[in-house]
Structures are given as C-alpha cells and as structure tokens.
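The values are calculated or read from the model by the stated rules, or taken from the named source; none is laboratory data. Keep in mind that this is a model prediction, so the values were computed, not measured. Neighbour counts are summed over all protein chains in view; Cβ atoms, including those assigned to glycine, are modelled from backbone coordinates with ideal geometry. For the accessible areas, the whole protein counts, side chains as well, though only heavy atoms, and no ligand, DNA or RNA atoms are used. Shrake-Rupley method; radii C 1.70, N 1.55, O 1.52, S 1.80 Å.
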Amino acid sequence: MNSRERVFEALHLRKPDRVPLWVIGSAYMVKLAGYRYDNFCKNPKKIASANRFFMEKYGIDISYIFTDTWYTHEGWGMKIRWFPDNPPVPKDFLVKEVDDYEKLWVLDPHKDGRMPVVIKAIKILSEQIGREKVVATLQFSPLSFLAHVRGFVKSMIDLILHPRLVHKGLETITQTVIEFFRACAEVGVDLILYHNAREDYSLLTKKHVEEFGVKYDQRVLNELKRLGVPVILHMCGPEPMIDFVVSRYSNKSFLGVQFWDRGANISLRRAKELFGNKICLVAGFDNIKTMTFGRPEEVYNEAREALEIAKPDGGFILSSGCEISRDVPEENLYALKRAVKDFG
C-alpha cells in the first residue's frame, strides 16, 4: 500500500499493511527546512516543500499544511508580531467589546488574510505528491475561534452573559470556516483536521457545547461530508468529550479523533475499548514530554506500546496529541519510524 491507501484503510476501521504515522509540527519542519518562520508563513512554495521534506525524511504518511493560528484572523485586521524562529502571536484581540462580535464579516478565502497562501500550498503539494500521500490541513472550529478573537477568559464569560452576541459572531465565523473548506476542496485537499479542543470537560459543560459548539460544528461537518472530504477531530485537551461527540454528531460526520492520550483522562487502551469499533483513533505518543525530553529508546517503547494496544482490528493512526516542539531531537523521530517498521 502507499501512504494514501494506508491512511484511508485505517480511517474506515480496516487493517492496512502497516499502521500509518502522523507527526504534526510546523515549527519543527520550518527548522528542518532551514527557513525563517516569518518567511515560511507567507510563502506557499516553502510550506509545501517543508512538508514534503518532513514526510520523506521520517516516513510520515500525512502532511500538515498549517502555518500558525492567525492566518485567517488577519483577514479581519488582526495585527501580528513576527519572529524568525517561532510562530507569530497577535498584538491584540479583535473583539475588545462584546458589540464587536457583530462587526466581523464573512471572509473570502481567496483574498483575505493568509488563507490564499495556505490554499496555494495545498494545491502545490497535491500536484507534487499526486495520490501517493495524504495532503491535510487544519482549521479551527467556530467555538475555538472565539478564544482567538476575544481572549479565552472573556469569551467563556460571554457565553453566559452575552449569548445573543456570541451567536452573532459564531454565525459569521461558521460561514467563514465553510468557505475556507470549500476552497481547500477545490484544490485537492484529502483530509481535514478539525480543531475543536474547546469541547473538553475541563473547559465547558455539555450544555454549553450543545448550544455554542454542536449547532455550528454540525453545519461545517455536513458541508465537508457533502464535499467528500473526510474529517479527523482534534481534541488535545486533558478531558476531551470523545464520548459526547461520538454520540452527538450524526451520519459519520467525522472518521477519527486525534487526542492527547498520554496526558488526558482517557488512555488509549480505554478509548480502544469504548470507541475502537466506531472511530479511528489517532494518538499514541506524548508530543510534550517524551518527544522533547525523552531518549530515543523511550520514544520507541512508547510507540511500541501504543501499537500493541490499538493496532489489533485496525482503525488506528500512530500520532502525537498535538504539535511537537521545534526542539525535538532528530533521533526521537527516527525512533518513531523504527517502531512503526518493527511493530506497525
């Protein structure tokens, strides 16, 4: 099997010739390619080439066309502080007062912010690797966007004190996310990593997620299903609502969940028992502690353990819970590659 066939076998809960490997890490691949981060974020050719180099060097099956959190937000006028070696950060939040939610507008992914850069990178990489590997990108859920435009604490308070205005903002954000995904589908994206880490028991109740999350997520997921683009939910928090989303989202709206099993309140073994016959599990090694500070043999053993737990009966992609650091030792990535070869 090639990487593409391997990944889609796993997503459909079947057993590929080996377990696919996915490591997400924009900062690492920028460093690996020798680029400045501020140049990488604005250059689709560099984004595509860094992804290709990263995949080929470490035997990774899925790309990760993603630059930073703010490439959409710049379309609304967010000012960014740039750095040569690290991802950019915002100078200020867009929504300073609750009335500002109504001042957001639906963005055009072909013109606004740096969305055109990301879309062009998807197109370039899709043309370069053909149907051999999987070209994926990430976008945030509308509920996740709230924390970006308003600030985490204030956005959570707004859910309680100003729900009408929050819904106004979410309507606009939802349509912007849908338009972005339509543009990605047009240029050949194979897979969407949908970031809905706000759906976590440590942050919100089911009641709030139902009102401010599910309502909008389902619209986005339904459109992606119509477009024929499969989805993996990214839930990197300590108490992910995997049980809730599996029961709540309908009609195979998503095929897998990527979660931080090494730091969350649900282990990979438990997730396999509860959900292994329903969704593909995308997890297995600790991107924070083991990958950054562990020895290669520790990384190898952690990956081996994950493969022994979740490989049986298929439906598993060995992956990190979130992005790896730019300071991960190269030997630790090779250890992952060896583990997949030996036990995958």
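Taking the numbered list (1) of a type outside the set (Gly, Ala, Ser); (2) outside any helix (DSSP H, G or I); (3) under 26 Å from Ser144 (Cβ atoms) in turn, Asn51 passes all entries but (2).
With the requirement that a residue be open to solvent by less than 10 Å² (accessible area, probe 1.4 Å), assigned to a helix (DSSP H, G or I) and in contact (Cβ under 8 Å) with a residue 40 or more places away in the chain, what does segment 8-47 give you? Scanning segment 8-47 gives Ala10, Leu11, Ser26, Val30, Tyr37, Ile47. In the set Glu5, Glu74, Glu56, which member is open to solvent by 10 Å² or more (accessible area, probe 1.4 Å), of a type outside the set (S, T, N, Q) and in contact with a Gly (Cβ under 7 Å, 6 or more places away or on another chain)? It is Glu74. Which one is most open to solvent (accessible area, probe 1.4 Å), of the residues in segment 234-258 that are touching a Leu at 6+ places or on another chain (Cβ under 8 Å) and closer than 19 Å to Phe8 by Cα? Top of the filtered list is Leu255. You will find that of Gly321, Gly294, the residue that is within 27 Å of Tyr37 (Cβ to Cβ), at pLDDT below 95 and either under 22 Å from the mean Cα position of the chain (by Cα) or of a type outside the set (A, V, I, L, M) (or both) is Gly321 and no other.
State which residue is farthest from Glu273 (Cα to Cα) when the search covers only segment 215-246 and only residues that are assigned to a loop (DSSP other than H, G, I, E, B) and either over 14 Å from the mean Cα position of the chain (by Cα) or of a type in the set (D, E, K, R) (or both).
Among those residues, the one meeting the criterion is Gly228.
The residues in segment 123-135 that are open to solvent by less than 80 Å² (accessible area, probe 1.4 Å), touching a residue at least 12 places away in the same chain (Cβ under 8 Å) and over 13 Å from Ile47 (Cα atoms) can be counted, and the count is 3. Taking segment 77-115 as the range and being closer than 22 Å to Leu193 by Cα, open to solvent by 30 Å² or more (accessible area, probe 1.4 Å) and charged (D, E, K, R) as the test, the residues that pass are Asp108, Asp112. Hey, could you check segment 169-209 for residues that are assigned to a loop (DSSP other than H, G, I, E, B) and β-branched (Val, Ile, Thr) and say which is surrounded by the fewest Cβ atoms within 10 Å (Cβ to Cβ)? Restricting to residues being assigned to a loop (DSSP other than H, G, I, E, B) and β-branched (Val, Ile, Thr), the top hit is Thr205.
Within segment 136-155, can one find any residue that is surrounded by fewer than 17 Cβ atoms within 10 Å (Cβ to Cβ) and touching a helix residue (DSSP H, G or I) at 6+ places or on another chain (Cβ under 7 Å)? No. For segment 294-306, the condition holds for at least one residue, the condition being that it is within 20 Å of His12 (Cα to Cα), open to solvent by less than 70 Å² (accessible area, probe 1.4 Å) and part of a helix (DSSP H, G or I).
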